[in-house]
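> One structure, pasted below without further comment.
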Amino acid sequence: MQLFSQEMIEQLELLLTRSDNDWKSSRLHPPSITATVTWNTLQLWQGVLRAIALSPWWQFCLIVVGSTSSIVYPHPPLVGIAAVAGNTLTRPRALTSITSIWLANQVYGFTISRYPLSLESLTWGLVMGSSIFLVTWLLTLQPKFSRNNFQGYLIWLAIGVLGGYTLYQGSIVLIAQLIWGHGLSLTILWSIFWKDIVWAISLSLLHGCVLGVMAVKLLKQAMKR
């Protein structure tokens, strides 16, 4: 099935980032109602997803919120944030976002929280960074079913949280056992898991609201023609 043309994508980006008056200074014309009617539900869904995935403000929002989580939690919900980033951003933006959040966590830990500058602390940080980077990269694969409808989107999000948590925490626990002979307690692992779920759901709800607003705004703009 044919996806949005480049002009349609640019129209969606205009609707996301600019006011109605900006259409006058743009080389693009607002989409006509005739053209909008021909865009079926799948095309509209994929077009809006793509426009948000390319939007720098959504990436900025995730980076700010994710970086702030390091101040609130001793163990930030990196998997929950990675699941949303990998599901809603392009691969370069998602990887840049999660790397920035991880760096913010490390800077906060070694400065404000005064983590010891030891081999153990540095190794722990590198394991965290490489593991969450891999989780995010895998989530950006975004299989076709996850782009077809909201149900597929939610399924891929759930797979991302469950699979990502298993891979991320599993890597940390394995390295901790191999190097230091100890790991995190089940209580801590369980609390981190639920924290990741809550953050993934909350950020996805925010993303869903943006999707709805964009779709409605697109249709309203088209109906003005």
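> For the condition in a helix (DSSP H, G or I) and closer than 18 Å to Phe193 by Cα, what is the one hit in Ser70, Ser97, Ser130, Ser121?
Among Ser70, Ser97, Ser130, Ser121, only Ser70 is in a helix (DSSP H, G or I) and closer than 18 Å to Phe193 by Cα.
> With the checklist (1) within 25 Å of Ile98 (Cβ to Cβ); (2) at pLDDT below 75; (3) aliphatic (A, V, I, L, M) in hand, flag the one item Ala222 doesn't pass.
Tallying (1) within 25 Å of Ile98 (Cβ to Cβ); (2) at pLDDT below 75; (3) aliphatic (A, V, I, L, M), Ala222 fails exactly one: (1).
> Consider Val161 against the criteria (1) exposed (fewer than 15 other Cβ atoms within 10 Å of the Cβ); (2) aliphatic (A, V, I, L, M); (3) within 28 Å of Leu44 (Cβ to Cβ): it satisfies all of them except one. Which criterion is unmet?
(1)
> Another question about this same structure. Go through the range 62-73 and give me each residue that's more than 9 Å from the chain's Cα centre (by Cα) and within 20 Å of Val135 (Cβ to Cβ).
Correct list: Ile63, Val65, Gly66, Ser67, Ser69, Ser70, Tyr73.
> If you don't mind, another one. I'd like the residue in the range 164-197 that is in contact with a helix residue (DSSP H, G or I) (Cβ under 7 Å, 6 or more places away or on another chain) and exposed (fewer than 13 other Cβ atoms within 10 Å of the Cβ) and, out of all such residues, is farthest from Ser121 (Cα to Cα).
Out of the qualifying residues, it is His182.
> One residue is enough: does the range 140-148 have a residue meeting the conditions on the phi > 0 side of the Ramachandran plot, at pLDDT below 95 and either among the charged types (D, E, K, R) or loosely packed, with under 15 Cβ neighbours inside 10 Å (or both)?
No, there is no match, as no residue in the range 140-148 is on the phi > 0 side of the Ramachandran plot, at pLDDT below 95 and either among the charged types (D, E, K, R) or loosely packed, with under 15 Cβ neighbours inside 10 Å (or both).
> Next question, about the same structure. Pairs under 6 Å by beta carbon, first residue under 16 Å from Ile155 (Cα atoms) in the range 191-210, partner charged (D, E, K, R) and surrounded by fewer than 17 Cβ atoms within 10 Å (Cβ to Cβ), six or more apart or different chains?
Correct list of pairs: empty, since none qualify.
The values are calculated or read from the model by the stated rules, or taken from the named source; none is laboratory data. Fair warning: this is a prediction, and the values are worked out from it, not measured in the lab. Heads up, the Cβs are rebuilt from the backbone with ideal geometry, glycines too, and the neighbour counts pull from every protein chain shown.
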